[in-house]
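Below is one structure; the comments refer to it alone.
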Amino acid sequence: MTTGAPPPTAPRRSRARTFVPLALAAWLVLEIWLLTVVADVAGGFAVLGLLVGAAVLGAVVVKRAGRRAFANLTATLQQQTGSQEAVPPGRAEGNGLLMLGGLLLMLPGLVSDVAGLLLLVPPVRARLGRAAERSLERRMNAARAGGLGDAFQQARMRRPDGKVVQGEVIREDGTRPRDDETGRRPPLTP
C-alpha cells in the first residue's frame, strides 16, 4: 500500500565537498612530480637545500608576523584604556596573509613556495586582501536577514526517542521568557 509520500532522497553533495579533495590530490601529485623533475635536473641536495631554506624563511616570516600582530593587539588594548595615542593606520594590515605566506613556505613543495613568496610581496598581499574583503562583503550582503540570529535561536523540543533537548528561546524583541516569579531562568539539566 502506498501512502503518497515521495521516497526520501539523499541530500545533494555540494561542489566544494566534491572538488576540494580532488584539487588537493592534484596539488599533491603536482608538487611531488615537480620535486622529482627538479631533483633530476639540479640534484637531490639542491632540492633538499631549497626545501630547508624555504621552511626556515617561512618560520621567520610567521614569527615576525605573529610578533607584529601581538604588538598591534597590545597597542589597540592600550589605546582603548587611554594610556597611549592612536595606532597609525595601515600598520595592522596583512598579518593574516603574511602568516599564510609563511605557512605556504614551510610546506614542502615548489608550488606552495612560489605561492608563499608571492604573498610576501606587499602589492600582491594588498590586492588579495582587498579582493577577499569585497568577496566577504558581497556574501554578507547577500545573506538573508536574520540568518545568523536564527542559527543561535534554540528551543526546548522532544527528540524522536522521547528525550527532552534543553535550550533557550529568545523572542524577536530581544527578551527572554522567564519561568518563575523571580525572573530567573530555570537551570539546564541533563
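Here are a few things to note about the model shown:
- Using θ = phi - 60° and Karplus 6.51 cos²θ - 1.76 cosθ + 1.60, couplings along the range 32-47 (whole Hz; Gly, Pro as x): 5, 4, 5, 5, 5, 5, 5, 5, 5, 7, 9, x, x, 5, 5, 5
- Spin-label proximity, Leu136 to the range 50-83 - amide N less than 13 Å from point 7 Å beyond Cα toward beta carbon: none
- Computed E for Leu128/Val41 - FRET, C-beta separation, R0 45 angstrom, nearest 0.05: 0.90
- For the peptides 46-54, 127-135, 96-104, residues were scored by their other Cβ atoms within 10 Å and the scores averaged per peptide; the highest-first order is 96-104, 46-54, 127-135.
- Computed extension length for Ala59-Thr76: 3.6 nm, one decimal, from 0.36 nm per residue of separation with the Cα-Cα distance subtracted.
- For the range 108-124, Karplus couplings with θ = phi - 60° (6.51, -1.76, 1.60), whole Hz, Gly/Pro x: x, x, 7, 5, 5, 5, 5, 5, x, 5, 5, 6, 7, 7, x, x, 5
- Around Leu107: net Lys/Arg minus Asp/Glu count, Cβ-Cβ under 12 Å: -2
None of the figures in this text is laboratory data; all of them are computed from the coordinates on show. Keep in mind it's a predicted model, so treat the numbers as computed, not measured. So basically every Cβ, Gly included, is an ideal-geometry build from the backbone, and we count neighbours across all protein chains shown.
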